[in-house]
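The structure appears below as structure tokens.
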Amino acid sequence: MQIHQHAQPLREQVAEWKAQGDCIAFVPTMGNLHDGHLSLVEAARREQTDSNVRTIVSIFVNPMQFGENEDFDTYPRTLEDDTRKLQQLGVDMLYIPNIGDIYPDGVDAATRVVPPAALGDILEGESRPGFFTGVATVVNKLFNIVRPDIACFGEKDFQQLLVIRRMVADLAMPVAIISAPIAREADGLAMSSRNRYLSDAERADAGKFNLCLQHLVSEVQQGADSQYAVMHASQELENHGFVVDYVVIRRQQDLAVPEPGDTKLVALAAVWLGKTRLIDNMCFEINK
Ligand code: PAF
């Protein structure tokens, strides 16, 4: 596995691979890799069968997407372990950009990509102002450096996936975005690098988060009024010791409030368990 910290040698290698007709599949991450990340690499590989796929993973803890009181400094950095996992998986290249590659004049001076407010300023964007501008800016920059044919993102960050799809469509970026299903622990907890912040006692309870979402989805599918079902789910979460940031039912395609007749929906939630913020979502359909 090649490891690069600078854009130029990476670009030269990618140009060589492209010249020989290889497909470049890219998985951007912030490291601390778990099975969810590794499944993204596998999904990217599966996508393209008619040409040789070259997989590139980046690890960059992006300062622009962290708020002032968030965990940028303490975000888990496990580069040695991550490198070993990617090597075992047969990834072709690991890109660990130096900060100057991404923000040559510093984060504050950087040109930004601002997603439309209707998508970027709600839910996660409301709780974490500027988050999706940070995500869109860094993903745009990484795409410009790597120039992938396909890029893969996890469905756990459902709103992020929509923001990136929207950016790619609006800015006519020549990259196909594919997604991979949420990887879960045995008790249903969505895998996340932040799960390691949970104490043992919190971890034992954390699986109930997904259980409450499952109850919410099945209530709505059985015809319960969405507003009532959401209130019920919030109550159930609070009873299990979670502090609810939001629980909502939205349209899958754009996260707008569902209109009568919308059938493809998603339940999204963010909660605090002690000092750890967890997010999860479940896509589902209802009959007209
Ligand atoms: O999902 C993540 O890990 C990050 O938001 C991403 C897409 C790598 C951008 O920093």
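Figure legend. Inter-residue proximity from segment 1-27: first residues at pLDDT 95 or above, second residues aromatic (Phe, Trp, Tyr), beta-carbon distance below 6 Å, spacing 6+ or different chains. Indicated pairs: His4/Tyr95; Leu10/Tyr95.
A Cβ distance below 7 Å, combined with a sequence gap of six or more or placement on separate chains, defines the contacts here; from segment 160-188, residues that are surrounded by 15 or more Cβ atoms within 10 Å (Cβ to Cβ) reach residues that are part of a strand (DSSP E or B) and of a type in the set (Phe, Trp, Tyr) in the pairs Gln160/Phe153; Leu161/Phe153; Ile164/Phe153; Ile177/Phe153; Ser179/Phe153. Of all residues in segment 123-140, exactly one satisfies the criterion of being within 11 Å of the ligand (Cβ to nearest atom), touching a Pro at 6+ places or on another chain (Cβ under 9 Å) and not hydrophobic (A, V, I, L, M, F, W, C), namely Gly134. Looking only at segment 155-184, residues that are under 17 Å from the mean Cα position of the chain (by Cα), charged (D, E, K, R) and more than 19 Å from Met30 (Cβ to Cβ) come to 3 in all.
Number of residues in segment 27-40 that are under 14 Å from Leu89 (Cα atoms) and either touching a Cys at 6+ places or on another chain (Cβ under 7 Å) or assigned to a strand (DSSP E or B) (or both) equals 2. Inside segment 262-287, residues that are loosely packed, with under 15 Cβ neighbours inside 10 Å and aromatic (Phe, Trp, Tyr) make up a count of 1. Residues being touching a residue at least 24 places away in the same chain (Cβ under 8 Å), crowded, with 19+ Cβ neighbours inside 10 Å, more than 15 Å from the ligand (Cβ to nearest atom) and not in a helix (DSSP H, G or I) are entirely absent from segment 60-82.
Within segment 41-59, how many residues turn out to be within 16 Å of the ligand (Cβ to nearest atom) and in contact with an Asp or Glu (Cβ under 9 Å, 6 or more places away or on another chain)? Total meeting the criteria: 4. Screening segment 216-248 for residues that are more than 25 Å from Lys275 (Cα to Cα) and surrounded by 12 or more Cβ atoms within 10 Å (Cβ to Cβ) and picking the one that is nearest to the chain's Cα centre (by Cα) gives Val217. Of the residues Leu119, Leu33, Leu86, Leu38, the single one that is farther than 30 Å from Arg250 by Cα and either aliphatic (A, V, I, L, M) or within 16 Å of the ligand (Cβ to nearest atom) (or both) is Leu86. Per this entry, Val91 is not counted among residues that are assigned to a loop (DSSP other than H, G, I, E, B), closer than 12 Å to Thr29 by Cβ and free of Cβ contacts under 8 Å to residues at least 40 places away in the same chain.
Anything in segment 131-154 that is surrounded by fewer than 19 Cβ atoms within 10 Å (Cβ to Cβ) and within 16 Å of the chain's Cα centre (by Cα)? List them, or say none.
So in segment 131-154, the residues surrounded by fewer than 19 Cβ atoms within 10 Å (Cβ to Cβ) come out as 140, 144, 147.
Hit for segment 131-154 is Asn140, nothing else.
The values are calculated or read from the model by the stated rules, or taken from the named source; none is laboratory data. Nothing here was measured: the structure is a model prediction, and the numbers come from that model. Positions of Cβ are backbone-derived with ideal geometry, glycine not excepted, and every protein chain shown enters the neighbour counts.
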